[in-house]
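Notes follow the structure.
No value in this document is a laboratory result; all are computed from the given coordinates. It should be emphasised that the depicted structure is a prediction, and the values quoted were computed from it without experimental measurement. Quick reminder, even Gly has a Cβ in these numbers, built from the backbone with ideal geometry, and neighbours come from all protein chains shown.
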Amino acid sequence: MKLTTVVAKYVLLRRSTGMRFRSPVEVLEAFCRAMGDIDIAAVKADGVNTFLRGKGRITSTWHQKHGTLKSFFRFAIGRGYATTSPLPTVIPQCPSAFRPHIYSLDELRRILGGVSALRNRNTDVPPPSIRALIMLLYGAGLRLSEGLSLRFADINLQNAVLTIRDGKFYKERLVPFSQRLATELGSYAAQQRRLWACPMGQGSAFFAMRDGRALKRDSVEDIWRRVCDAAGVRSPTGAAEQPRLHDLRHTFAVHRLVSWYREGADVQRLVYFLQVYLGHEKLSYTQRYLTMTPELLDQANRRFENYISTEVDHV
C-alpha cells in the first residue's frame, strides 16, 4: 500500500478521536514528500535517518519527528500495512531545553518601527496588518494561530475583549485587552476599510491581505525574520534558534509577572489567573513561559529579601 494512503488512514483515525493533529500532519506530509510516491514497505532506514536529521545538527525537532513517525509506524504495523519499523533504534541525546527569546521594550519598538518602514511593493501583505498582528500577539499573549484565525466578529473593540474560537483542544475563551491596544486595533480596522479592496463582513479575516484573505503563517514569519534581522534583534552567537513570533507570548507572560512583582501584588495567586488568560489546562504549562530573565530574577530576589526581613523582625 502507498505510504500516502497509509498516512491518510492514520490521520483520519487520530482526528476521529477529536484531536486537531496539526503538527503531526505537517511532519507526516513532509515525510511523504521526502520519501516520494512509494509503497510503505519500500521505506528504508537510510531515507528515514536523512529525514530525521534534516539540514543541520540534531535539535528537538529530531525528537518531534521521531515521536510522530514512531506512532505512525506502530499504527501501520498493527493494521498489517507494514511488517517492521525503519526507525533508528539508537536515540540521540535530547538537546538542552530551549530557552525562548524575551524581547526588551527597546527591541519591540525597533521591530514595530521596522514593520512600519516596510514598503508595499511586490507584496500582497500590507505592513499595517503585520504591525497590528504583532501588537496583538504581544499585548494579549496570543498564539500565532489564534491571531491569524480572528474574524471581525471575534473582536469587540468597544469593550476591549477578544473571543478566541480556535484555541488548543477546540476550546473557546474570552481575552480582555487594554484600551490602548483597542485604540490601535480600531485605527488599523479603519485603515483596512479605506485602503483594502476586501470584504468587510463580520465573518471576514481581521488580519488580511489586500484581497481579503487571511494572512498566511509562512508569509508572516518570513516578514518577521527579515524585520528582526534589519532591526538587529538576534539571539546570542551560537544559539540554534533565532527570536520567533511565538516568543512574543513568552514575553507577554514574563513582562506581566515582572509588573506584578513591581506592584507588590500576590504573584502566587495571580499566576493562576495568567494560566486561565493564556488558555492553559495546567499550571505547569504556564510555568514554561515564565523564563527567568535578569529583571525577573531581580524582582523575585527583592520579594524574597523583603519576606526574610519581615520574618527576622518577628523572631
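Calculated FRET efficiency, Asp266 and His63, Cβ-Cβ r, R0 51 Å, to nearest 0.05? Show your work: numbers first, answer last.
Details: r = 38 Å, r/R0 = 0.74.
Computed FRET efficiency for Asp266 and His63 comes out at 0.85.
In the range 1-113, how does Rg compare with the Kirkwood Rh, expressed as the Rg/Rh ratio over alpha carbon atoms? Don't jump to the answer; show the numbers that get you there.
Details: Rg = 17.5 Å, Rh = 16.0 Å.
For the range 1-113, the value is 1.10.
Take the range 209-275, drop everything but the C-alpha atoms, weight them equally and run the Debye formula without solvent; then report log10 I(q)/I(0) at 0.16, 0.18, 0.20, 0.26 Å⁻¹ to two decimals.
-0.77, -0.84, -0.89, -1.08
Using amide H atoms built in the peptide plane, which far-off residues or other-chain residues are under 5 Å from Ala208 H to H?
Leu215
Which entries in the list Lys2/Lys44; Lys65/Lys282; Lys44/Lys70 go over 19 Å, if you measure between the two C-alpha atoms of each? Provide the component values of the computation, followed by the final result.
On the way: Lys2/Lys44 14 Å; Lys65/Lys282 25 Å; Lys44/Lys70 14 Å.
With Cα atoms farther than 19 Å apart: Lys65/Lys282.
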